[in-house]
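Worksheet: the structure to be examined is printed underneath.
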Amino acid sequence: MERYWNEEIECASREEMKKLQDERLVAQVKHVYDNVEYYRRLMDEKGVKPEDIKGTEDLCKLPFISKADLREAYPFGLLAKPLKECVRIHSTSGTTGKRVVAFYTQHDIDIWEECVARAITAAGGTDDDICQVCYGFGLFTGGAGLNGGSHKAGCLTLPMSSGNTERQIQFMRDLGSTILCCTPSYAAYLGETLHEMGLSPDDTKLRIGIFGAEPWTEEMRRSIEKSLGIKAYDIYGLTEISGPGVAFECSEQSGMHINEDNFIAEIIDPETGEVLPDDTVGELVFTSITKEAFPLLRYRTRDLCVLTRKKCSCGRTFVKMAKPMGRSDDMMIIRGVNVFPSQIETVLIENGYSPNYIIEVDRLNNTDTLDISVEMRADQFSDKVKDMQMQERELANAIKTMLGINPKVHLVSPKSIARSEGKAVRVIDKRKLHD
Ligand code: ADP
Ligand code: ZN
């Protein structure tokens, strides 16, 4: 039987949810207009007054806010509560440039933790579970978010933080952890280390994984599920909106339910800003309707994905977002073709290679070059040069079929590509150095 953390909200009818969102949105716009001079100016420039916003249908009248605004207003310019009422600061990981900071009141933390508790419950976690949190602790929202949500859900929580992989496995075994929370790339590394230590999934009690903070493919999910003997669930979030738990996967494992009582999602055309219908790929935009300290309206995430309202077998009525394909700024344009790292990852794992790879893009004589270094597993290694060259050609052909452009593939020896304990960095675009 499906369990919910907050059934009344998670399974509310569309009419109930719309009513709640309308009320909260109207109050939030007023709160922001009255307290955030930066956003008031954006609204005034667009000629919108708080009274013009009567419900979610008026959302499109509001101006967008972007990471550039957050950087401009850094550090206090978007704060909507006196610092005295704030209890916490977090910061983005800085994956795509200068870090930005976000503030939380105790009320904001409580809501965030409830969102994560909903995610843990949807993955099947209960107060019988032992939850090992190996996201980094500190300014990054991963550790603190999962730690707080795990407490709220009543799990016995192990705030391990990232790193020291063998100790992670030792604690996992000694204490009998049943839930693992970390980035998917670190989960893959933990699986690999377990096997290298001569152990199998049967030597642990793990049953559930809650992985997010970076894009990962279905192929990666299946590979982690196998190596750790678990069911792996996706969790999504971003510091600007709160942290992990903005959206989470349920037993159906096909897309993430957005906590719509707190966050209104829209998909827009990244070029024109026009709102797109459900089931169309575009840029995800969030409006936080319950945040007190750092309430962003129509925040452009740059994450590309699809929203769908198809009925979900779990009974939740929250809209679902597909796995983000990556960010608009992760997309590489190579010889005029749009390429996402996730497309390359899919081909690698489908062809039996590890998720340890580095993509290098450069420009030589005015032509883009694409070099992919892929780590072999020990059993794929051959000391016959001809065999290796043949394997490289086969893989290059498979990638060409997917992308339409020819890469150069380099198979490199096992363990030669550095493992990531947090968000993996897999693309080196040297063209930027020449520009
Ligand atoms: P930064 O933007 O510096 O990486 P955050 O740590 O706040 O800062 O990361 C938020 C971003 O991480 C999201 O905008 C998204 O691009 C990515 N992300 C988070 N969870 C997922 C997920 N489950 N799948 C894909 N991408 C994710
Ligand atoms: Zn569901």
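The values are calculated or read from the model by the stated rules, or taken from the named source; none is laboratory data. Quick caveat, the model's predicted, so the values are computed rather than measured. Every residue, glycine as well, gets a Cβ built from its backbone with ideal geometry; the counts of neighbours run over all protein chains shown. Side chains are part of the model used for accessible areas, which takes the heavy atoms of the whole protein and leaves out ligands, DNA and RNA. Shrake-Rupley method; radii C 1.70, N 1.55, O 1.52, S 1.80 Å.
Quick look at the values:
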{"quantity": "Within-12-Å neighbourhood charge of C115 [Cβ basis; K, R +1; D, E -1]", "calculated": "-4"}
{"quantity": "Projected label distance in nm at N35 and N351, using a 7 Å step from Cα toward the beta-carbon", "calculated": "5.4"}
{"quantity": "Kirkwood-Stokes translational diffusion coefficient of region 71-214, alpha-carbon pairs, 20 °C, 1.002 mPa s, µm²/s", "calculated": "132"}
{"quantity": "D303 long-range amide H proximity, modeled H, under 5 Å", "calculated": "L284, S328"}
{"quantity": "Hz values of 3J(HN,Hα) by residue in region 2-16 - Karplus curve (6.51, -1.76, 1.60), Gly and Pro given as x", "calculated": "5, 10, 10, 7, 9, 4, 4, 7, 5, 10, 4, 6, 4, 5, 4"}
{"quantity": "Computed lengthening from A68 to S413, 0.36 nm per intervening residue step minus Cα-Cα distance", "calculated": "120.1 nm"}
{"quantity": "Amide hydrogen neighbours beyond the local backbone of A232, cut-off 5 Å, H modeled", "calculated": "G209"}
{"quantity": "Point-to-point label distance, M331-E16, nm (Cα→Cβ direction, 7 Å offset)", "calculated": "3.9"}
{"quantity": "Rounded percent of accessible protein surface that carbon and sulfur make up, the chain, 1.4 Å probe", "calculated": "51"}
{"quantity": "Potential extension, L139-V87 segment - 0.36 nm per residue separation minus Cα distance", "calculated": "17.4 nm"}
{"quantity": "Area projected by the alpha carbon convex hull of the chain, averaged over all directions, nm²", "calculated": "21.9"}
{"quantity": "Pairwise centroid distance, computed over Cα atoms, of region 349-380 with region 202-246, Å", "calculated": "24"}
{"quantity": "Check: the chain dipole with +1 on Lys, Arg Cβ and -1 on Asp, Glu Cβ, in debye", "calculated": "680"}
{"quantity": "Rough spin-label spacing in nm, given labels placed 7 Å along Cα→Cβ, for D379 and N164", "calculated": "3.3"}
{"quantity": "Nearest 10 degrees, 0 to 90: helix 37-46 Cα axis against the chain principal axis", "calculated": "80"}
{"quantity": "Whole-Hz ³J(HN,Hα) from phi, Karplus 6.51 cos²θ - 1.76 cosθ + 1.60, for region 305-311, glycine and proline x", "calculated": "6, 10, 9, 9, 10, 4, 4"}
{"quantity": "Probe 1.4 Å, accessible area per residue of region 310-366, Å²", "calculated": "44"}
{"quantity": "Debye log10 I(q)/I(0) for region 1-157, one point scatterer per Cα, at q = 0.08 Å⁻¹", "calculated": "-0.31"}
